[in-house]
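Accompanying notes for the structure given below.
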Amino acid sequence: MNILVYSANITRIERLSKLLNQTHFTINAFQNRKSAINCVCKENLKLCVIDGSEDGIEFLTALKLIDDHLPIIFIYEERNDELKYKAFELGVDDCVTPTMSERELCLRVTTILKRSRIEQVLDYVDYPISIGSSTVDFDKRHFNFKDKQIQMSRKENDLLKLLYLNKGKVISRENILKEVWKTSDYYASKSMDVYLSKLRKILKHEEMIELKNIHGTGYVLFVN
């Protein structure tokens, strides 16, 4: 399986390629934006790693127009939070600093690819699917309890989908913000609290589902 690495810095390309070789994927590394775009169009890529800079943002913008579903890790300089926020706004899956260890990068790649595979499976599932004694249709954003159908908002739907994909596992507030809001600022955090409260009101109809707050850690969805 193929991973694309893009950077205007040849030294960074060499380091990233060396780190990613540990994942046993085929690495397609490019310093030229046009060549990288051609690779995206021709190859069956599983992940893209972009070295952050203004050039990286321009490549990311072009990439999202071509393939909005390709998982992306964006690398930004530790003190350049604005670049990180811009990358999340454009829809990247994760942001890391260039000082990350080999093990950390490999673990992040593995986690993103695993999540991507699960979401691809859901794309072929016949909805609605059962959650407890209720059913949910993530395409139509319907939560069905007995003879009652609740129309979820997009944020409620995305929250429930994320929690369902990771049911039984604690998801940190940071990861929820990153996956659903694509940013972690103050206003997004407050918005998340509001929508978690709304989702709890929907799920209260279902005795076999529990959305639990793990204090100081995050949230977990239990389905009996």
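Please treat every number below as a calculation from the coordinates, not as lab data. Worth saying up front: this structure is predicted, and the values here are computed from it rather than measured. As a convention, Cβ positions derive from the backbone with ideal geometry for all residues, glycine included, and neighbour counts pool all protein chains shown.
A few points about this structure:
- About its Cα centre, the chain has a charge dipole of approximately 480 debye under the convention of +1 per Lys or Arg Cβ and -1 per Asp or Glu Cβ, with nothing else charged.
- Magnitude of the charge dipole for the range 2-120, about its Cα centre and with charges confined to Cβ atoms of Lys, Arg (+1) and Asp, Glu (-1), is about 440 debye.
- Taking the chain as a Gaussian network of alpha-carbon nodes connected by springs under 10 Å, the highest mean-square fluctuation of the residues 21, 213, 38 belongs to 38.
- Gyration tensor verdict on the range 125-223 (Cα atoms; rounded if a/c is under 1.5, prolate if a/b is larger than b/c, oblate otherwise): prolate
- Sequence-distant lysines (8 or more away, or on other chains) whose Cα lies within less than 19 Å of residue 190: 155, 178, 182, 198, 201, 212
- Anisotropy class of the chain from Cα gyration tensor, a/c 1.5 cut: prolate
- Within a Gaussian network of the chain (alpha carbon springs, distance under 10 Å), most fluctuating of 178, 155, 18: 18
- Global geometry of the range 2-120, whether rounded, prolate or oblate, following the gyration tensor of its Cα atoms and the 1.5 cut on a/c: rounded
- Alpha-carbon centroids, the range 6-30 and the range 48-80: separation in whole Å: 15
- For the range 2-120, with +1 on Lys and Arg beta carbons and -1 on Asp and Glu, the positive-most of 96, 27, 50 along the dipole: 27
- 14 Å beta-carbon shell around residue 62, net charge (K/R +1, D/E -1): -2
- Taking the charge dipole of the chain about its Cα centre, with +1 at Lys and Arg Cβ atoms and -1 at Asp and Glu Cβ atoms, the residue from 191, 203, 157 reaching farthest to the positive side is 203.
- For residue 15 and residue 135, the difference between the fully extended length at 0.36 nm per residue and the C-alpha to C-alpha distance is 38.5 nm.
- Cross-link partners of residue 146 among aspartates and glutamates (Cα-Cα below 15 Å; sequence separation of 8 or more within a chain): 137, 206, 207
- Residue order for 222, 143, fewest other beta carbons within 10 angstrom first, comes to 222, 143.
- GNM top mover of 92, 49, 136 - the chain, alpha-carbon springs below 10 Å: 136
- Relative contact order, percent, the chain [alpha-carbon distance under 8 Å, six or more residues apart]: 14
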